[in-house]
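**Q** The structure is given below, and queries will be raised subsequently.
The values are calculated or read from the model by the stated rules, or taken from the named source; none is laboratory data. Quick caveat: nothing in here was measured; it's all calculated off a predicted structure. Here Cβ is always computed from backbone atoms with ideal geometry, including for glycine, and neighbour counts include all displayed protein chains.
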Amino acid sequence: MSADYEVQALGSTGPEMPPDGSLIECFRELARDRIRTAGELLLVSASKCFQACGGGTFVRPPEEGDRCLSPADLEQALAPLMEQHGWRGPVGRWLHSLLGIEKVAASDGLQAPFHELVAEECGLWIEPNNEDAARAWGGRPLGRGVRLVNRDAPLPALQEGLDSEGVVLVAAPSEHVGACLARHTAGCRVILSDGGATLAGRLLARQLAQAGCEVRFVYDSALPGLVHEADMVWIGTEAIGAEGFVAPVGTRTVLAEAVRQEVPLRLLATSDLVLPGADLELPRWGDEETWRLWEDPVNRALLESQPFERVPFPRQLMVACEQGLLRPSDYALAVLDTETPRRFSTSG
């Protein structure tokens, strides 16, 4: 899969909808991406949308007969991304913000053309205003606040209870887990595995090894049996809901073993991972792309190819986020998202 997606004519007609449907084709191509992290996919998608809307700056009004971007056009263009990646917190929040622009514009009496408002919202995802650097976003389209949290920012709370020669077992890899391992675990040993169908753990192992970390790489199925060797279990995710989060299949088993052995659990969860409405969904492609499990299956074989599962919050779990180390219920209160229920549930 190409590392970059070049789409001809994207934005070449200024504020008008590209006549060849290139924005739709661009998002269809991005919807097939299984490699990029949620943050990476969002930034590429927002940049393409920003370009297609003319970057928010126009030297002339649309001429008579021009067909400008409408809310219906935008919804149609975003549909492939919503279908395949809307389950991921940052992507879902971005899509939710774009689809809510029309309603906000009407309620606030905004007179700017729709494509300019879309460009403005996309720009806030790509590069927030400096004066909003410390402001949490409330989830309202065109509102102030940082939308995408810096994954490289340190989380000092992760160092609590972890000595310089400790062992961290990664139950589920993520972009943020990788950044925090590099920052907070100097001298520690890291145990991790492939991380499911996306092989995110393999990429993380390579990055950590290149950074000089001591990495022990095992099969996914071996992780539960190694929990007793860990001083702490870290869990990454790209989607958090009211009652839990999404992680690779098998994560629940690892967490159950950690609870049984009283090994501390840390979920790395920034506020931009919380889904609008806090309703968890599993990726549609996981059930559709059965070839990832078995490319040439025998007849009568029932393929259960979904590589992700919903994981309820264990009571012993602590959430490491921008606000510190919190229990899931307190984490919900700290996330200033008007679309998210204030109470999160925990399971035994």
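**Q** Look through the range 319-348, keep the residues that are modelled with pLDDT of 50 or more and assigned to a loop (DSSP other than H, G, I, E, B), and return whichever of them is farthest from VAL233 (Cα to Cα).
**A** At the first step, the residues of the range 319-348 found to be modelled with pLDDT of 50 or more are 319-335.
Going one step further and asking which of them are assigned to a loop (DSSP other than H, G, I, E, B), we end up with 322-323, 327, 335.
Details: GLU322: 19, GLN323: 20, ARG327: 16, VAL335: 23 Å.
Ranking the qualifying residues of the range 319-348, first place goes to VAL335.
**Q** Would you call LEU199 of a type outside the set (Phe, Trp, Tyr) and surrounded by 17 or more Cβ atoms within 10 Å (Cβ to Cβ)?
**A** So LEU199 does not fit the description; no.
**Q** Could you list, in sequence order, the residues of the range 198-219 that are at pLDDT 85 or above and among the hydrophobic types (A, V, I, L, M, F, W, C)?
**A** LEU199, ALA200, LEU203, LEU204, ALA205, LEU208, ALA209, CYS213, VAL215, PHE217, VAL218, listed by residue number.
**Q** Being crowded, with 17+ Cβ neighbours inside 10 Å, touching a Ser or Thr at 6+ places or on another chain (Cβ under 7 Å), under 28 Å from VAL233 (Cβ atoms) and not assigned by TED's automatic domain parsing to the domain that holds GLU229 is the requirement here; does VAL168 meet it?
**A** The answer is no for VAL168.
**Q** Right, another one. Restricting attention to the range 112-133, which residues are more than 11 Å from PHE50 (Cβ to Cβ) and at pLDDT below 90?
**A** Within the range 112-133, PRO128, ASN129, ASN130, GLU131, ASP132, ALA133 qualify.
**Q** So which of VAL233, VAL249 ends up being buried (at least 20 other Cβ atoms within 10 Å of the Cβ) and within 24 Å of the chain's Cα centre (by Cα)?
**A** Answer to the selection: VAL233.
**Q** Give me the residue from the range 190-199 that is in a loop (DSSP other than H, G, I, E, B) and in contact (Cβ under 8 Å) with a residue 12 or more places away in the chain and, out of that set, nearest to GLU262 (Cα to Cα).
**A** It comes out as GLY195.
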